[in-house]
Amino acid sequence: MNMYTQDLDRNEANYAPQTPLTFLDHAALVYPHKTAVIHGEQSYDYAEMRARVRRFASALKARGVSKGDTVSVMAPNVPAMLEAHYAVPMLGAVLNALNYRLDAPTIAFILNHAQSKVLITDTEFAPVIREALPHVDHPIQVIDIVDALGPGGEQLGEKDFEAFLEEGDPEFTDWSLPDDEWDSLALNYTSGTTGNPKGVVYHHRGAFVNALGNALVFGLNARSVYLWTLPMFHCNGWTYTWGVTAVGGTHVCLRNVDPALIFPMLKEHRVTHMCGAPIVLNMLIHAPEGVKTSFDQTVETATGGAAPPSAVITAMERMGFKVTHLYGLTETYGPATYCAWQEDWDALELDERSQYMARQGVIYPTMTDSMVADPETMQPVPSDGETIGELMVRGNTVMKGYLKNPEASADAFAGGWFHTGDLGVRHPDGYVEIKDRSKDIIISGGENISSLEVEDVLYKHPDVMEAAVVARPDDKWGETPCAFVTLKPDAGDVSDTSVMDFCKKNMARFKVPKTVVFGPLPKTQTGKIQKFVLRERAQSLD
């Protein structure tokens with residue numbers, strides 16, 4: 001017998017399951033009177049947040065919620081949504097944060113697939129919930145969030161959330177840490193382009209680890225003031241719902257992503273950190289000058305969801321934001337890699353520096369491993385910055401799997417790695433750069449063209465606000481790049497020829513779009529550009 005295993009057993013003194021539930025008790029112990037949550041004119045400290053969460057859990061338990069049950073929440077970034085991230089898993093139940101931009105049939109599908117026992121919903125979304133409820137195939141209790149900052153709306157449940165909390169005990173003790181850190185904690189549904197969404201299951205350990213990884217990578221601490229420009233329903237707010245609490249930072253809630261609200265809040269609350277997809281950054285960049293407010297502090301800004309064009313990073317830095325590029329998926333609890341800063345980048349000009357910053361970078365210190373490899377042979381590609389392979393990751397911050405979908409789980413985990421479906425290269429310095437989704441790569445005359453690379457050039461055009469590039473069928477080349485472009489409100493007379501000429505000056509000729517279409521871009525419920533819609537449009541162009 002190995003001497004290091006003999007009589008050295010795991011016990012209650014030396015082992016406890018890792019779970020983000022411990023973060024709130026720690027914050028309430030260390031910073032009981034520190035502001036935990038700000039929502040409009042309302043604010044409360046960590047001692048009060050702890051009491052509210054315990055009331056919440058107690059009231060749920062009284063309604064029959066227990067281990068393995070699902071509690072769904074349909075709400076914007078309001079205190080109740082944040083509190084649900086602690087109250088629901090305290091009972092061993094699973095939190096299902098719903099994307100409030102989904103339509104009624106999809107909401108009904110999710111509530112049925114998850115077998116949700118309780119639905120807590122903001123009255124703003126009463127119309128879609130009212131339409132969905134008749135199609136739910138099991139009994140479900142409905143509680144309404146009536147938010148003074150919201151637009152109002154019909155109450156569909158028996159009482160509102162604050163009255164529901166009054167049913168609970170602020171000193172509630174009839175709860176426990178998970179029996180196993182592998183126990184399910186959260187259920188998030190992917191926004192698939194076709195078919196029903198897949199249910200991604202998180203466990204306590206993954207949420208704990210990724211939350212601390214976020215704090216480490218993003219530099220969160222007790223002085224941090226985090227503005228919720230990222231939806232809490234999106235990968236549980238990329239696990240910042242737990243990470244900000246872990247360090248005793250302040251959560252500043254925000255119902256709507258609106259530059260007219262964001263800029264004053266940055267100044268008033270001296271916000272230090274915020275997150276958002278590149279589309280959010282673009283909104284801030286192109287906000288009317290009368291809306292923009294100057295602020296003294298540097299605002300650390302993490303972005304992900306798509307590669308931010310280097311022009312977007314440059315424009316943000318000029319306004320006082322320091323951008324960190326993160327990369328991840330719903331299946332990896334949000335961020336899995338980040339573009340770690342290197343000191344020698346300080347000496348670079350901003351535009352050149354932004355080119356480095358736009359890369360997806362290296363894995364989080366809390367992720368175990370990654371590789372860029374041929375998905376068929378599973379052999380890593382050379383680190384030459386040119387050879388394309390699929391990015392794969394493995395570690396504790398990869399999902400448990402897809403709920404009730406073992407075939408999809410098996411495909412995702414083939415070969416012992418999680419297959420992201422993103423194609424990229426690994427540079428000699430070890431940094432990964434995503435070139436495209438596997439379905440978005442353009443093959444023209446036998447040459448691979450990265451749509452992201454073409455988009456990055458288009459974003460540098462002085463009159464371009466948004467751009468997306470897809471393949472268009474071509475009799476000679478097989479397919480060629482087709483650019484869909486949204487111009488800035490103050491853009492002058494811009495033609496397709498002038499856009500192509502700009503591209504010719506900034507990239508290889510074979511990568512230049514052969515077609516340019518002007519107009520607004522279609523987007524998903526989470527703000528991602530719907531390339532599948534654009535591909536269909538490109539197919540039908542004359």
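The values are calculated or read from the model by the stated rules, or taken from the named source; none is laboratory data. Since this is a predicted model, take the numbers as computed values, not measurements. Cβ coordinates were reconstructed from backbone atoms using ideal geometry, including for glycine residues, and neighbour counts include every protein chain displayed. Just the protein is used for accessible areas: all its heavy atoms, side chains included, with ligands, DNA and RNA removed. Shrake-Rupley method; radii C 1.70, N 1.55, O 1.52, S 1.80 Å.
Things to note:
- Residue within the stretch 359-373 that is within 19 Å of the chain's Cα centre (by Cα), modelled with pLDDT under 95 and open to solvent by less than 10 Å² (accessible area, probe 1.4 Å) present: yes
- Residue in the stretch 415-430 that is more than 25 Å from Met357 (Cα to Cα) and under 23 Å from the mean Cα position of the chain (by Cα) present: yes
- Qualifying residue in the stretch 307-318 (condition: assigned to a loop (DSSP other than H, G, I, E, B) and surrounded by fewer than 20 Cβ atoms within 10 Å (Cβ to Cβ)): no
- Filter pass, Val94 being touching a helix residue (DSSP H, G or I) at 6+ places or on another chain (Cβ under 8 Å), β-branched (Val, Ile, Thr) and touching a residue at least 60 places away in the same chain (Cβ under 8 Å): yes
Okay, residues lined up against (1) open to solvent by 10 Å² or more (accessible area, probe 1.4 Å); (2) assigned to a loop (DSSP other than H, G, I, E, B); (3) of a type in the set (A, V, I, L, M):
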{"residue": "Ile107", "(1), (2), (3)": "no, no, yes"}
{"residue": "Asn112", "(1), (2), (3)": "yes, no, no"}
{"residue": "Leu119", "(1), (2), (3)": "no, no, yes"}
{"residue": "Ile129", "(1), (2), (3)": "no, no, yes"}
{"residue": "Pro139", "(1), (2), (3)": "yes, yes, no"}
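- Checking each residue in the stretch 304-335 for being more than 20 Å from Asn210 (Cα to Cα) and modelled with pLDDT of 90 or more picks out Met316, Met319, Gly320, Phe321, Lys322.
- Flag for Met232 being in a loop (DSSP other than H, G, I, E, B), within 25 Å of Thr524 (Cα to Cα), touching a strand residue (DSSP E or B) at 6+ places or on another chain (Cβ under 8 Å) and open to solvent by less than 10 Å² (accessible area, probe 1.4 Å): yes
- Ala13 being aliphatic (A, V, I, L, M) and in contact with a strand residue (DSSP E or B) (Cβ under 8 Å, 6 or more places away or on another chain): no
- Test: Val247 is of a type in the set (A, V, I, L, M) and either over 19 Å from the mean Cα position of the chain (by Cα) or buried (at least 24 other Cβ atoms within 10 Å of the Cβ) (or both): yes
- Scanning the stretch 200-216 turns up at least one residue that is crowded, with 20+ Cβ neighbours inside 10 Å, without any contact (Cβ under 8 Å) to a residue 40 or more places away in the chain and more than 22 Å from Phe418 (Cα to Cα).
- Note on the stretch 442-467: among residues that are of a type in the set (Gly, Ala, Ser) and farther than 17 Å from Asn506 by Cα, the one that is modelled with the highest pLDDT is Ser444.
- Boolean, Thr301 is outside any strand (DSSP E or B) and modelled with pLDDT of 95 or more: no
- The helices (runs of 4 or more DSSP H) located wholly in the stretch 1-98 that include 3 or more residues which are modelled with pLDDT of 95 or more and surrounded by fewer than 21 Cβ atoms within 10 Å (Cβ to Cβ) occupy 21-30, 46-62.
- Summed over the stretch 509-531, the residues that are closer than 21 Å to Asp475 by Cα and surrounded by fewer than 18 Cβ atoms within 10 Å (Cβ to Cβ) give a count of 5.
- Test for Ala222: is it small (Gly, Ala, Ser), surrounded by fewer than 19 Cβ atoms within 10 Å (Cβ to Cβ), more than 24 Å from Tyr202 (Cα to Cα) and at pLDDT 95 or above: yes
- Top-ranked residue of the stretch 329-347 - restricted to ones that are part of a strand (DSSP E or B) and more than 11 Å from Gly361 (Cα to Cα), ranked as most open to solvent (accessible area, probe 1.4 Å): Leu329
- If only residues of the stretch 255-278 that are under 17 Å from Phe233 (Cα atoms) and open to solvent by 10 Å² or more (accessible area, probe 1.4 Å) are counted, the one that is nearest to the chain's Cα centre (by Cα) is Ala277.
- Count of residues meeting criterion [assigned to a loop (DSSP other than H, G, I, E, B) and either surrounded by 14 or more Cβ atoms within 10 Å (Cβ to Cβ) or free of Cβ contacts under 8 Å to residues at least 12 places away in the same chain (or both)] in the stretch 141-153: 5
- Taking each residue of the stretch 516-542 that is within 27 Å of His234 (Cβ to Cβ) and free of Cβ contacts under 8 Å to residues at least 40 places away in the same chain and looking for partners that are part of a helix (DSSP H, G or I) and not hydroxyl-bearing (Ser, Thr, Tyr) with beta-carbon atoms closer than 8 Å, six or more apart or interchain, yields Pro522/Val533; Pro522/Leu534.
- Matching residues in the stretch 154-181 - criterion: being under 15 Å from Ala80 (Cβ atoms), among the small types (Gly, Ala, Ser), in a loop (DSSP other than H, G, I, E, B) and open to solvent by 20 Å² or more (accessible area, probe 1.4 Å): Gly157
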